[in-house]
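So the structure is just underneath, and the comments pick up after that.
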Amino acid sequence: MTKKVKTFCRNCSALCPMEVTVDNGRLIKVVADGSVSPYGPYMCIKGQSSIEFHNGAEQRLLQSVKRNGDGKFEAISSSKALDEIAVKLQQLRNEFGPRSIALYHGTGAYRSVLGGQLEKSFLSAMGTPNLFSTMTIDQSAKWVTMGRMGFMASGKPALPDIDLAVIVGNNPLVSHQTMPFAAGESGAPGRAFAAAKKRGTRFIVIDPRRTETARFADLLIQPLPGQDAVIFAAIAHILLRDSTYNRTFCERFVSQLDELRAAVAPFTPELAAMRADVPVAQIEQAAKWLGEAERAFVGSGTGPSMSANSNLNDHMIEVVNALVGGYRRAGDLVRNPGTLNPRTPMEMVVPAGRGWLQGDKLRTENIGQLFGEFPSALLPQEIIAPGPEKIRALIVFGGNPIMGLGDPKYTVPAFEDLDLLIVMDSRLNETARRAHYVVATSQPFERHDISIPGDALYPVAFAQFAPPVLDKPGDVIHDWEFFWQIASRMKLPLTLKYWSYGQDFDAIADGLPLDMNTPPEPEAMLRFLCKNSRVSFEELVENPSGVRPQLAEQRVLPANRDNGARLELCPRDVAADLGMILTEGTVNEGFSYLLVCRRVLETMNSAYRNAASTKKRYPVNWAYMNPDDMDREGINDGDAISISSETGRIAGIAKAENSLRRGVISMTHLFGDLFSSDDPMQQNGSFTGRLTSLQNNLESINFMPRFSGVPVHIALKSSSE
Ligand SMILES: Nc1nc2c(c(=O)[nH]1)N[C@H]1C(S)=C(S)[C@@H](COP(=O)(O)OP(=O)(O)OC[C@H]3O[C@@H](n4cnc5c(=O)[nH]c(N)nc54)[C@H](O)[C@@H]3O)O[C@H]1N2
Ligand SMILES: Nc1nc2c(c(=O)[nH]1)N[C@H]1C(S)=C(S)[C@@H](COP(=O)(O)OP(=O)(O)OC[C@H]3O[C@@H](n4cnc5c(=O)[nH]c(N)nc54)[C@H](O)[C@@H]3O)O[C@H]1N2
Ligand code: SF4
Ligand SMILES: [Mo]
């Protein structure tokens with residue numbers, strides 16, 4: 001029997017609407033469903049790959065497993081696994097307190113809606129502040145900027161409303177990562193950029209590589225990585241020098257303009273051009289266009305936040321955005337005012353809170369939480385350092401932290417020091433292989449979801465419900481069931497709440513207390529989450545392609561009174577950091593290249609590495625180099641090369657790429673094996689995380705490690721190596 005079901009992809013935050021065909025319990029086809037979609041028909045290769053994965057490829061886990069005394073995995077029923085895990089967690093909690101238990105929320109957890117919502121209640125009921133997520137090994141520089149500068153509650157303008165987009169170290173054509181921090185639309189990004197160009201929007205792309213996105217660039221600047229703070233300090237310098245910044249916006253909404261003027265005075269365009277190794281005319285040109293723009297949007301992706309001085313890079317990028325008033329203004333159209341979670345943006349500054357100075361602190365560093373989380377790079381240290389409250393149990397929900405964190409020589413022994421490592425996943429990934437229990441969880445097409453993760457990101461108001469398309473196989477459980485089942489066994493109460501970033505879970509008044517004796521119905525939970533929605537749960541069920549609510553035009557509201565808060569452009573620590581980088585050299589002793597981060601369409605971090613389409617194009621994560629650099633080193637296409645940093649060494653397979661500037665080597669992360677990557681072809685690539693240290697070069701505040709602009713030495717690999 002063949003049936004067609006409407007659903008949406010949950011591989012990335014674009015949440016592309018799709019139609020899947022199921023034949024006798026197997027997925028046989030998936031196509032984009034553009035009928036109501038906010039993007040029109042659109043789907044990428046990973047949407048396609050989800051078919052093979054659902055049908056069992058990529059070593060899909062169909063059964064929970066437990067590591068026995070010999071270190072081997074044996075099958076265990078989910079109920080027995082849950083019984084044993086609950087007993088162990090209870091023992092640790094009784095003996096060492098709730099802080100001995102931690103949770104890591106990985107990339108796979110963001111789009112598991114009921115799992116994600118119950119996770120927050122679970123941690124609150126457990127009484128542990130130990131929440132870690134990928135955000136702090138990704139773009140938490142943005143949180144640091146919000147905490148030090150404050151931010152505009154009006155939000156940033158949408159792509160159709162801007163006449164200039166500055167895209168810094170972000171490649172949405174591949175990553176689909178855009179709003180709220182970068183310009184673009186997450187689904188069908190190319191189409192949205194093409195339409196914007198037709199309207200006359202100008203694009204500036206700043207990236208060491210001429211990326212897929214750079215196809216739309218009117219100006220492409222290809223700097224050395226790690227120089228964004230210098231480049232944007234120079235752009236700020238020019239805007240202030242020429243008085244081309246937005247005075248009206250700045251007079252009303254910013255402070256510390258004099259401090260900024262003094263701090264960026266030494267950052268001349270000539271200095272930035274020299275440091276970033278780009279023509280000075282390009283920096284002047286970018287500043288000129290920014291000065292001329294009616295409504296600009298300056299935003300970034302992972303590039304600047306993974307490189308050296310990442311918090312400062314991000315701060316200076318946002319300073320330039322503030323100088324040109326790159327925010328929605330009172331009276332501006334709000335294209336997506338939220339559907340499941342309606343929002344009314346207001347033109348006012350949310351003051352700089354520096355939340356990390358208050359509340360619970362980490363055990364091993366005097367640092368508090370950023371947006372309710374601790375820095376993931378310090379997780380190994382929090383596990384190893386002796387003390388009564390050390391982390392002894394870690395629940396990994398939809399993540400592969402041993403790979404994501406990198407520095408395996410340090411990270412692996414730390415994870416092995418845990419009394420209890422539990423991984424909830426549908427793949428036996430590198431972290432799962434070292435777990436005590438791997439709880440096999442269901443796949444997106446086997447569970448209920450609503451489009452909460454896309455609610456604020458869609459270009460227009462839109463919401464969709466995804467019912468299970470297939471039965472989950474055998475004894476696999478849903479992510480949310482894990483939290484409910486463990487809490488129920490530990491006699492902890494759970495309350496379902498609509499939590500979103502920046503909210504204190506306990507402070508949310510509206511909640512649905514769950515019956516801890518009878519498992520809740522997923523549909524009842526989703527109905528509750530639609531409580532304040534502009535579209536009822538029933539309407540979503542009746543409209544399987546999704547709903548675009550017909551709303552009266554909404555505009556950004558003026559603030560009813562001046563709350564006195566201003567965007568702090570140049571607080572003292574930022575000024576001090578600017579002073580520090582002024583004298584920093586660009587030469588890294590003994591290292592002639594800088595390795596930069598990069599994403600490919602076929603994989604999602606460590607997932608889909610084994611999909612057929614990935615294997616075809618990327619049997620390994622190629623070590624891309626500029627052909628002139630290859631000539632200089634005597635390296636040919638396909639040669640095995642040795643890439644070494646201060647921390648580790650990997651072998652890679654060189655591939656020439658004209659679009660890459662000189663002095664840079666570009667590789668995708670989370671490929672290959674943790675340790676033995678001497679033969680990349682055999683090990684499906686090279687694990688670049690080995691080149692990163694979790695003990696040196698960490699940023700202040702968020703402890704972000706360096707995943708881009710990593711100084712490396714390159715040599716042709718001799719056969720005896
Ligand atoms: N297909 C696919 N999509 C994904 C993912 C995936 O793995 N695959 N991962 C998802 C995740 S977890 C995330 S966080 C997002 C990330 O989304 P993006 O930030 O768009 O990620 P990338 O595509 O790696 O783009 C980063 C760019 O920064 C450039 N760069 C590197 N260093 C520097 C620097 O110092 N300065 C400047 N100016 N540029 C620099 C790189 O050359 C690269 O083009 O993508 C998400 N989407
Ligand atoms: N060297 C280097 N290191 C990096 C980066 C880099 O660019 N360079 N990027 C960093 C970034 S931006 C990130 S976000 C991290 C990524 O770090 P992680 O998020 O820890 O790693 P992923 O490989 O994305 O792991 C996601 C896991 O979730 C599982 N999964 C998918 N869907 C579901 C689901 O619905 N439920 C459950 N339970 N599991 C699911 C997948 O099978 C996969 O095993 O890595 C960081 N590390
Ligand atoms: S862009 Fe690709 S991975 Fe992301 S939701 Fe759409 S189909 Fe899925
Ligand atoms: Mo990420």
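Brief remarks on what is shown
- One residue stands out in the stretch 686-699 among those that are under 12 Å from residue 309 (Cα atoms) and modelled with pLDDT of 95 or more: the one that is nearest to ligand 3 (Cβ to nearest atom), namely 699.
- Screening residue 557 with (1) more than 16 Å from ligand 3 (Cβ to nearest atom); (2) within 27 Å of residue 314 (Cβ to Cβ) gives one miss only, at (2).
- Remark: pairs (first residue in the stretch 20-45, within 10 Å of ligand 3 (Cβ to nearest atom) and assigned to a strand (DSSP E or B); second residue among the small types (Gly, Ala, Ser) and modelled with pLDDT under 95; Cβ separation under 9 Å; 6+ apart in sequence or on different chains) = 30/47; 30/50; 32/47.
- Pair list, Cβ under 8 Å, 6 or more apart: the stretch 286-310 residue part of a loop (DSSP other than H, G, I, E, B), other residue among the hydroxyl-bearing types (Ser, Thr, Tyr) and within 16 Å of ligand 4 (Cβ to nearest atom): 301/175; 307/708
- For the stretch 175-194, the tally of residues that are more than 12 Å from ligand 3 (Cβ to nearest atom), in contact with a Leu (Cβ under 8 Å, 6 or more places away or on another chain) and either touching a residue at least 60 places away in the same chain (Cβ under 8 Å) or among the acidic types (Asp, Glu) (or both) stands at 4.
- Applying the criterion of at least 2 residues that are closer than 30 Å to residue 77 by Cα to the helices (runs of 4 or more DSSP H) found wholly in the stretch 451-569 leaves 479-489, 522-529.
- Taking helices (runs of 4 or more DSSP H) as the structural unit, those lying wholly within the stretch 106-183 and holding at least 1 residues that are under 15 Å from the mean Cα position of the chain (by Cα) and surrounded by fewer than 22 Cβ atoms within 10 Å (Cβ to Cβ) correspond to 172-175.
- If the condition is being crowded, with 22+ Cβ neighbours inside 10 Å and in a loop (DSSP other than H, G, I, E, B), then the stretch 46-65 contributes only 64.
- Residues considered: 507, 487, 466. Of these, the only one that is among the small types (Gly, Ala, Ser) and under 24 Å from residue 547 (Cβ atoms) is 466.
- Residue match in the stretch 555-565 (condition: more than 21 Å from residue 462 (Cβ to Cβ), among the aliphatic types (A, V, I, L, M) and in contact with a Gly (Cβ under 8 Å, 6 or more places away or on another chain)): yes
- Answer residue from the stretch 568-612, given it is among the hydroxyl-bearing types (Ser, Thr, Tyr) and more than 16 Å from ligand 3 (Cβ to nearest atom) and is surrounded by the fewest Cβ atoms within 10 Å (Cβ to Cβ) among those: 583
The values are calculated or read from the model by the stated rules, or taken from the named source; none is laboratory data. For clarity, every value in this text was computed on a predicted model and none was experimentally measured. Glycine gets a Cβ as well: all are built from the backbone with ideal geometry, and neighbour counts include every protein chain shown.
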